[in-house]
1. Here is a check on your reading of the model: is Gln231 surrounded by fewer than 24 Cβ atoms within 10 Å (Cβ to Cβ) and either at positive phi or in contact with a Leu (Cβ under 6 Å, 6 or more places away or on another chain) (or both)?
2. Within the stretch 111-163, which strands (runs of 3 or more DSSP E) (wholly inside it) include 1 or more residues that are among the small types (Gly, Ala, Ser) and more than 17 Å from the chain's Cα centre (by Cα)?
3. Quick one: which residue in Pro79, Pro64 is modelled with pLDDT under 95 and either part of a loop (DSSP other than H, G, I, E, B) or of a type in the set (Gly, Ala, Ser) (or both)?
4. Take Ser170 and decide whether it is farther than 30 Å from Ser89 by Cα, surrounded by fewer than 20 Cβ atoms within 10 Å (Cβ to Cβ) and of a type in the set (Gly, Ala, Ser).
5. Any residue at all in the stretch 172-192 that's over 29 Å from Asp267 (Cβ atoms), touching a Gly at 6+ places or on another chain (Cβ under 9 Å), of a type in the set (Gly, Ala, Ser) and not in a loop (DSSP other than H, G, I, E, B)?
6. Could you tell me how many of the residues in the stretch 13-43 are in a helix (DSSP H, G or I) and closer than 14 Å to Ser248 by Cα?
7. Counting only residues that are touching a residue at least 40 places away in the same chain (Cβ under 8 Å), give me the helices (runs of 4 or more DSSP H) lying completely in the stretch 199-267 with at least 3 of them.
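The values are calculated or read from the model by the stated rules, or taken from the named source; none is laboratory data. Quick caveat, the model's predicted, so the values are computed rather than measured. In this analysis, Cβ positions are derived from the backbone assuming ideal geometry, glycine residues included, and neighbour counts consider all displayed protein chains.
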Amino acid sequence: MSAIQVLIVSKGHAYNHDSFLAMFEDYEDINTTLVEQPAAQVVLQPENAKRYDAVLFYDMSGIPNIGLTHDDSDSSGQPTAAYEKAIKSIISEGKGIVLLNHGTVSWPHWPLWRKIHGSSFLLSGGEVFGENLPGSGYRGGHGPHPNPSFRLSPVDKDHPVTQGLEEGFSISDEIYIKSDNFEKNVLPLMRSDYSYESENFTAPPLAPPEEQENWNHPDGSNLVVWANAAQNSPVVASDIGDSPEAFSNPGFRMLLMNSIRWVTSGDAKAWAKRFSAGDSS
């Protein structure tokens, strides 16, 4: 059996390249190629992307007014027409997609990107899934507080993504507080035992100063890993995946490799078509 070919898209957010790429070294069935924005937009064009079985998005793109110019987005945070066409081609084809951590923060003003990752994360206050909410908080990462420690437990122990993780695993990494109103639209995979209360999180740094000063978030979702379907593409999204502490964690590595294997499987592609059609089985 030939190795799964994975294209990793990065840039726009600091991370430890060596420890990130080291995660894939011990898996002969998974071969990775890393490309940064905006070159990724060329590689993701249909004629070039056909060699890849899955795309792992680890970039933080499409965020206007913060000095990020690496993604060719316009002043309102919209992608180029060529990039939008490329992403639409990927999900029409049904190529597997995995998003880690800030990958779900990308393109906050591009509706298609939220349909792909399914998260309710907001960089600043606004409407998400029909509800007006404050910006999402975070704890750890590159903020003023160390990474919190918590335990992840599978929602469905029989799902291929959670195979080998039936007892869960403990980890220290960046974590988000976000509304639970996204859960009805996705397939829950792993939940955290962290306390998702506003006082345990830091205000969103990109929110206006007045929002940061008075920031308070309703109790949030503890769903950290979930599956989604973007048209014909099976998707796995994970809030965690920010730090060397996570990259070296055996549980996280198993979660990531399971996710890649599943989104490239025939079973996952068949599930995505059913899920997109409203069948949650």
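1. Criteria met by Gln231.
2. 126-128, 149-154
3. After ruling out the rest, the residue left standing is Pro64.
4. Judged against the criteria, Ser170 is a match.
5. Yes - at least one qualifying residue is present in the stretch 172-192.
6. Quick first cut of the stretch 13-43, residues in a helix (DSSP H, G or I) only: 17-22, 39-43.
With closer than 14 Å to Ser248 by Cα added as a condition, the list becomes 17-22.
Residues in the stretch 13-43 being in a helix (DSSP H, G or I) and closer than 14 Å to Ser248 by Cα: 6 in total.
7. Filter on the stretch 199-267 gives 244-247, 250-263.
So that you can scan it fast, the table gives a plain yes or no per residue for (1) touching a helix residue (DSSP H, G or I) at 6+ places or on another chain (Cβ under 9 Å); (2) not charged (D, E, K, R):
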site	(1), (2)
Glu213	no, no
Leu223	yes, yes
Gln231	yes, yes
Asp239	yes, no
Pro244	yes, yes
Pro250	no, yes
Met257	no, yes
Arg261	yes, no
Ser265	yes, yes
